[in-house]
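Asker: Next up is a structure, given as structure tokens.
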Amino acid sequence: RLCKVLDIADGDELVHAMAQLLDPAAEGWSTPGARLLYDLQAVCIDHEKDIFKLDLISWITALGKVPIKRTLPAANEVRLHQHLSKAVNRLHRAQLPDEARTTLLRLLEPKLQIVEERVRQTLRPLIDQAVRESGLTPANRPEEIARQKLVEELLDRIVERGFISMGDLRDAVSRNQLKLPDVTREVFIKGDELLQIDKRLARLLDGVYRRGEVYRRWPQRMSSLAFGTKAGRFVTSYIAIPFLGAFLLLESMQYIAAMFVQAPPKIAGNALLVSTPGIHMPPPVVGRTGIQLNTPLSVLITGLVLLWLFHADQIRAALFKAIRWAFNRFYGIVIELPSEFLRLEWVKRIVNNRAARLIYRYLVKPAYFGAVVWFICHIWGLDWGFSLGYALLIFIVMNLLFNTPFGRRIEEAVGEWFGRVWRRFGWRVLVGVFQWIVDVFKWLLDAFEELRYNIDEWLRFRTGENRAAFIGKLIVGTIWFFVSYFIVFCVTLLIEPQVNPIKHFPVVTVSHKVMLGLIPVFSDMLTPFFGDKTEATIFVSSIVWLIPGIFGYLAWELKENWRLYAANRPVKLKPIIIGHHGDSMLGLLKP
């Protein structure tokens, strides 16, 4: 069977090489050898049997015009490539003699290249057809090259993952120079070019392209009014971004201030409401600091300042110059001045004195860590007794750690490593951490989407399966459609933006702060239905706690949607060089 796939007349060499997989495969149920045999078996199945999709939902919604069982010719070739690619990758990890590994790689790699090229040749005209039929036509030669680049990027994604979705399509267009034109009334009603491509690819690449869910299509449709029309761009650039940004900025400052400054006790009737001693987490309510930063007047003034900065190049340049001047002064006072002071001869004699070194090692350095722990406990709302107890405990632990031979070796190693890393990378460490967080969560979402696609593959019908398998997969597949839709909705909109720190602050944080005050209101409204206020509060709290994730998701998605339209091409700004070591800092970008 495998010889037919690889177009080999004599399979003796293949049999001899594959026989050496049996012992490594027998060592466990999921060893690289066993997985390799499974992939080779899947290659045979993909080559011999057609794949069918059992879609009861589409058959019902189309009133029987769409068949329940439909072939997926594009998916067959893509799955064959995926299993061949996995087999080649696992060959490098399987415990095989070099001769057998070399033989299998020599037989599989040429076929993998042939299948990949066949996938590209088969799908390229279909993707190109979807782009052309959508109305996204190039106006000049550079845009024609950009259209070809768009098609190739989607093909690369298919070859890499085995499928693509509306998110991949949107990201490819936003990165490309071929942009969407302005939206007219007719285009808005039927859907812009991106939605048209999404609709056509779902039909032409059935089984390979996953059409966008409702929560992806409707934000795209509604954002086209804000980003794809002159009036929408004016409102977005001159009203929504500066003034909504001012609200988020002030609310975030209010939230941060509430972590450091305690509000005075509040009076309710004749009773003084004070905190219960012990451990507690005060809710981040507005006005907790006693200073109200977010007022209509402050939002108006801050919004006007942001509007000025976004749209006045000279003012923005002056601001960047002021930031550079302030940073240089700060660096000189905080870093250079103490360094010059410590290099004075009489200061060196005092610092190098034995008594001074003992005081620093046994008192000052452990006290620093104790003060940090006390400050954190204070922010978390612990009373003075608990905070001081934890601080003293850390003081004692740090004393024992820093003043033992083992602790000193650790201190020296960590100090040298941190200094070496900071001298080499500097600000790039912070930028790298930011990008690493973005990449990790993107990888997690891609892995989750791939798992969902693999389950869909298990529920596909293949040639030769009996009627019982057809009925079973039809029923389970229909149930899985609703279950997977619900799971993906919860993970993508409710959970991931809450966990992802890049998306969480400040949009989700501020949304939490605004919405948590609604819990008592909705709890009182639903108490008659539950019969118990506690159950109603738990139900309302769980929903209200998850809803702010939607705002974080929308903010992140709309950021990418802005770059879809030709009139919103991003302006490339030069980086600002600040400090004494040439560190680069990103400036504000025009919306």
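The values are calculated or read from the model by the stated rules, or taken from the named source; none is laboratory data. Here the structure is a predicted model, which is why all the values come from computation and not from measurement. Counting neighbours? That spans all protein chains shown, and the Cβs are built from the backbone with ideal geometry, glycine included. Just so you know, the surface numbers come from the protein's heavy atoms only, side chains and all, with ligands and any DNA or RNA stripped out. Shrake-Rupley method; radii C 1.70, N 1.55, O 1.52, S 1.80 Å.
Asker: Using +1 on the beta carbon of Lys and Arg, -1 on that of Asp and Glu, and nothing else charged, what's the dipole of the range 22-117 about the Cα centre, debye to 20?
Answerer: Dipole about the Cα centre, nearest 20: 420 debye.
Asker: With a ≥ b ≥ c taken as the square roots of the eigenvalues of the C-alpha gyration tensor of the range 70-165, please select rounded if a/c is under 1.5 and otherwise prolate if a/b is larger than b/c or oblate if it is not?
Answerer: Prolate shape, in that a/c is at least 1.5 and a/b is the bigger ratio.
Asker: Here is a follow-up. With a 1.4 Å probe and every protein chain kept in, tell me what percent of the accessible surface of the chain is carbon plus sulfur.
Answerer: Looking at the chain in its full context, I get 68 percent from C and S.
Asker: If I take every Cα pair under 8 Å that is 6 or more residues apart in the chain, average their sequence separation and divide by the length, what percent do I get for the relative contact order?
Answerer: Relative CO of the chain lands at 15 percent.
Asker: Hey, can you list the DSSP H helices of the chain whose Cα span along the axis is 18 Å or longer and whose average Kyte-Doolittle score is at least 0.5?
Answerer: 245-260, 296-311, 365-380, 384-402, 467-489, 533-546
Asker: Let me ask something else about it. Plugging the Kirkwood radius over Cα pairs into Stokes-Einstein for the range 282-396, at a temperature of 37 °C and a viscosity of 0.692 mPa s, what D comes out in µm²/s?
Answerer: 169 µm²/s
Asker: Give me the percent of DSSP beta bridges within the chain that run antiparallel, rounded to the nearest 5.
Answerer: The antiparallel fraction comes to roughly 75 percent.
Asker: With the convex hull built on the Cα atoms of the chain, state its orientation-averaged projected area in nm².
Answerer: Reported value for the Cα convex hull: 41.0 nm².
Asker: When the scattering of the range 377-533 is computed by the Debye formula from its Cα atoms alone, each counted once and equally, what is log10 I(q)/I(0) at q = 0.15, 0.16, 0.17 Å⁻¹?
Answerer: Once normalised to I(0) and log-transformed, intensities are -1.11, -1.14, -1.16.
Asker: Still on this structure, please answer the following. Relative to the compact-globule scaling 2.2 N^0.38 Å, provide the ratio for the alpha-carbon radius of gyration of the range 356-427.
Answerer: 1.32
Asker: Here's another thing I want to ask about it. Rank LEU554, PHE52, ALA367 by how far each Cα sits towards the positive end of the charge dipole of the chain (+1 on Lys, Arg Cβ; -1 on Asp, Glu Cβ) and give me just the farthest.
Answerer: ALA367
Asker: Any chance you could look up the accessible area of ARG221 with a 1.4 Å probe, heavy atoms only, rounded to 10 Å²?
Answerer: 50 Å²
Asker: At a Cα cut-off below 17 Å, give the lysines reachable from LYS69, other chains included and same-chain residues fewer than 8 away excluded.
Answerer: LYS49, LYS53, LYS473
Asker: Straight distance only, please: which lysines reach the Cα of LYS503 with their own Cα at less than 17 Å, same-chain residues fewer than 8 apart left out?
Answerer: Result set, ordered by chain and number: LYS442, LYS513, LYS559.
Asker: What fraction, in whole percent, of alpha-carbon pairs in the range 135-200 exceed 16 Å separation?
Answerer: Here the long-distance tail beyond 16 Å is 48 percent of all Cα pairs in the range 135-200.
Asker: Once you compute Rg and the Kirkwood Rh from C-alpha atoms, what is the Rg to Rh ratio for the range 1-119?
Answerer: Computed over Cα atoms, the ratio is 1.11.
Asker: Principal axis extents for the range 443-555, Cα atoms only, whole Å, descending order, please.
Answerer: Extents along the principal axes: 59, 39, 17 Å.
Asker: Using Stokes-Einstein with the Kirkwood hydrodynamic radius over Cα pairs, what translational diffusion coefficient do you get for the range 318-453 at 10 °C and a viscosity of 1.306 mPa s, in µm²/s rounded to a whole number?
Answerer: Stokes-Einstein gives a translational diffusion coefficient of 81 µm²/s.
Asker: Can you tell me the length gained on complete extension of the stretch ASN140 to THR534, counting 0.36 nm per residue apart and subtracting the Cα distance?
Answerer: 135.4 nm
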